[in-house]
């Protein structure tokens, strides 16, 4: 990670994430009844709950509609979870306006074309190693870790480290 990216991480107070391809590897397993199931990385979960404890705003904007995903992320401390979103830019604009958030303080991690327009607006656009080419081209940091394998942990940990909030008393418990 370059010194310039680390400088931008110092200003982050809001984390925004897509779900499929970021928290998950993008695979969906289907049960016989048609119910989709996703797998998430526990280290990503640890990082999210720690960031939430430290007062960071955690926002999820996903096209997916899984209530299990919503329950998991809210349980980890996600501030707001928006599911079934066809137009992420509209949700993003409404959210930052309603909450008076400076876009330069937002880190957004996405992996595919629906994330593109939002990523062009935030201060810290990042992606997993297996993101679409177009997303990699606009990211200021490409995690060496793939979606669903701990890329969320990577960017959250680096942000907390730069801000001196990683290995303190809160870090040692859920």
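Laboratory data are not the source of any read-out in this text; all were calculated from the coordinates shown. Everything quoted here is computed from the prediction, not taken from an experiment. When we count neighbours, we look across all protein chains shown, and the Cβ atoms used for this are built from the backbone with ideal geometry, even at glycine.
DSSP finds beta bridges in the stretch 3-172, and of those with both partners inside it, around 10 percent are antiparallel. Here the stretch 79-113 and the stretch 137-172 have alpha carbon centers that stand 19 Å from each other. Extension gain, residue 68 to residue 104, is 9.9 nm, computed as 0.36 nm per intervening residue step minus the present C-alpha separation.
Here the calculated FRET efficiency for residue 86 and residue 42, from their Cβ-Cβ distance with R0 = 25 Å, stands at 0.25, rounded to the nearest 0.05. Rounded to the nearest 0.05, the FRET efficiency derived from the C-beta distance between residue 4 and residue 134 at R0 = 22 Å is 0.50. Convex hull volume of the C-alpha atoms in the stretch 51-116, normalised per residue: 92 Å³. Using just the C-alpha positions of the stretch 92-144 as equal point scatterers, what log10 of I(q)/I(0) does the Debye formula give at each q in 0.22 1/Å? For the stretch 92-144, the Cα-only Debye profile gives -0.72. Overall form of the stretch 1-153: rounded. Here a/c, set by the Cα gyration tensor axes a ≥ b ≥ c, is under 1.5. Exposure proxy shown here: for 70, 88, the number of other Cβ atoms within 10 Å sets the order, fewest to most, as 70, 88. One chain, two ends: residue 35 and residue 121. Fully extended at 0.36 nm per residue, the span grows by 27.5 nm beyond their Cα-Cα distance.
I need the Debye-formula profile for the stretch 1-88: one equal scatterer per C-alpha, no solvent, reported as log10 I(q)/I(0) at q = 0.20, 0.21, 0.24 1/Å, two decimals. Rounded to two decimals, the profile gives -0.99, -1.06, -1.25. In this simple spin-label approximation, residue 28 and residue 167 carry label points 7 Å from Cα along the Cα→Cβ vector, and these lie 4.1 nm apart. Springs join every pair of Cα atoms under 10 Å in this Gaussian network model of the chain, and among 100, 11, 33 the largest mean-square fluctuation is at 33.
Which residue, 84, 110, 150, tops the fluctuation ranking in a GNM of the chain built on C-alpha contacts under 10 Å? Of 84, 110, 150, the most mobile in the Gaussian network model is 84.
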